[in-house]
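> Handing you this structure, nothing more for now.
The values are calculated or read from the model by the stated rules, or taken from the named source; none is laboratory data. These figures come from a predicted structure and were not determined experimentally. Positions of Cβ are backbone-derived with ideal geometry, glycine not excepted, and every protein chain shown enters the neighbour counts.
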Amino acid sequence: MPLTRAEPGKTRIGWIGTGVMGRWMCQHVMSKGYQATVYNRSREKAQPLLELGATWADTPKAVAERSDVVFAIVGFPADVREVFLGPQGALAGSRPDTVLVDMTTSEPSLAVEIAAAAKARGVHALDAPVSGGDVGARNATLSIMIGGDAAAVAAVQPLFECMGKTIIHQGPPGAGQHTKMVNQILIAANMVALCEGLLYAYKAGLDLEKVFQSVSVGAAGSKALEVLGPRILARNFEPGFYVEHFIKDMHIALDEAERMNLALPGLALAKQLYESLRAQGYGRKGTHALMLALEAMSNVKR
């Protein structure tokens, strides 16, 4: 039988990981009439969803036992492995035809492994990492890159539409994660240029607000400049996406590139700069905090 397409009031949703992005993504799904069961390592981060009517579960396994579709967006590949494949993971609590959706940026090879383990139990698994950061999560405008079986993608499509505007099935298991690596490679180089450009403007004695008005609308414009430029000008380095998670993503991309015999020197340089930023104690700041590392390198005090 074909998988049942998700429908409000009928399809039960599970959500694992209610942090900076997951909280908003789950909330958008709930706002469309879906019942949700949630789990997070620290319960207080799930409190806003519980106040909106979500049900708490003590483990990912318990989430899956009460759900038809289980989403997760956690931190690192080790976390992904634990919440899906661990003894108390979602797969252990899944019934046949449950759909598991990993929205974490993780390893393509792990996505393939999860899909194979799920298939052996009659369960479907998708890798569906996202781009758009906290703003995209809050505004339900994320770009969602999906790997996995087309029938499972079609079944979950109404739920993806609650969270994002650009929803594209990229191919078989792992294809979503590979696409996200492309995204992160592009972001890495852009972020270095963004911070270096604004640092140059500051050192040259220019009015940064006026510079931003001029360069953000021309060929130098980018989504990163549009969203993160004002935060840098305001010296607001709180995370939309954590430095330490971005380093993890760049590490995955460089490992994959090595397997494919690719040289990506720009990405390697960006990763070293971010490693410097983390060494200065800013691993839990936003990616645009790269400005702080570049200022330190040039002894610019602000």
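> Which members of region 4-29 meet the condition of being touching a strand residue (DSSP E or B) at 6+ places or on another chain (Cβ under 7 Å) and surrounded by fewer than 20 Cβ atoms within 10 Å (Cβ to Cβ)? Please lay out each step first, then the result.
Our first condition is that a residue be touching a strand residue (DSSP E or B) at 6+ places or on another chain (Cβ under 7 Å); within region 4-29, this holds for 6, 11-18, 22, 26, 29.
The one that is touching a strand residue (DSSP E or B) at 6+ places or on another chain (Cβ under 7 Å) and surrounded by fewer than 20 Cβ atoms within 10 Å (Cβ to Cβ): 12.
> Taking region 233-287, which residues are part of a loop (DSSP other than H, G, I, E, B) and within 20 Å of residue 19 (Cβ to Cβ)?
Keep residues of region 233-287 that are part of a loop (DSSP other than H, G, I, E, B), which gives 234-241, 260-264, 280-285.
Within region 233-287, 236, 237, 238, 239, 240, 241, 282, 283, 284, 285 meet the criteria.
> If you don't mind, there's one more thing I want to ask. Among the residues that make up region 2-12, is at least one of them of a type outside the set (D, E, K, R), at pLDDT 95 or above and not in a loop (DSSP other than H, G, I, E, B)?
Checking region 2-12: not a single residue is of a type outside the set (D, E, K, R), at pLDDT 95 or above and not in a loop (DSSP other than H, G, I, E, B).
> Please go through (1) touching a residue at least 12 places away in the same chain (Cβ under 8 Å); (2) on the phi > 0 side of the Ramachandran plot; (3) among the small types (Gly, Ala, Ser) for residue 281 and return the number of the only condition it doesn't satisfy.
Here residue 281 clears every test but (1).
> What pairs can you find where one residue is in region 36-61 and acidic (Asp, Glu), the other is in a loop (DSSP other than H, G, I, E, B), and their Cβ atoms are less than 9 Å apart, with a gap of 6+ or different chains?
58/88
> Before we move on, is residue 173 touching an Asp or Glu at 6+ places or on another chain (Cβ under 9 Å), in a loop (DSSP other than H, G, I, E, B) and over 23 Å from residue 59 (Cα atoms)? Steps first, answer last, please.
Values: touching an Asp or Glu at 6+ places or on another chain (Cβ under 9 Å): yes; in a loop (DSSP other than H, G, I, E, B): yes; over 23 Å from residue 59 (Cα atoms): yes.
So residue 173 fits the description; yes.
> Failed condition for residue 79, given (1) charged (D, E, K, R); (2) more than 22 Å from residue 169 (Cβ to Cβ); (3) surrounded by 17 or more Cβ atoms within 10 Å (Cβ to Cβ); (4) touching a Pro at 6+ places or on another chain (Cβ under 9 Å), with all others met?
So the condition that residue 79 fails would be (4).
> Among helices (runs of 4 or more DSSP H) lying entirely in region 13-131, which contain 1 or more residues that are among the polar types (S, T, N, Q)? Quick ask: steps written out before the conclusion?
Working: elements: 22-31, 47-51, 60-65, 77-85, 108-119.
Once the helices (runs of 4 or more DSSP H) in region 13-131 are filtered for at least 1 residues that are among the polar types (S, T, N, Q), what remains is 22-31, 47-51, 108-119.
> Turning to a different aspect of this structure: When region 13-34 is examined, which residues are found to be at pLDDT 95 or above and over 26 Å from residue 150 (Cβ atoms)?
18, 23, 24, 27, 30, 31
> Across region 212-227, what is the total count of residues that are touching a Leu at 6+ places or on another chain (Cβ under 9 Å), outside any loop (DSSP other than H, G, I, E, B) and under 21 Å from residue 286 (Cα atoms)?
3
> Sort out which residues of region 108-139 are in contact (Cβ under 8 Å) with a residue 60 or more places away in the chain, under 15 Å from the mean Cα position of the chain (by Cα) and surrounded by fewer than 19 Cβ atoms within 10 Å (Cβ to Cβ), and write them in order of number.
The answer is 134, 135, 138.
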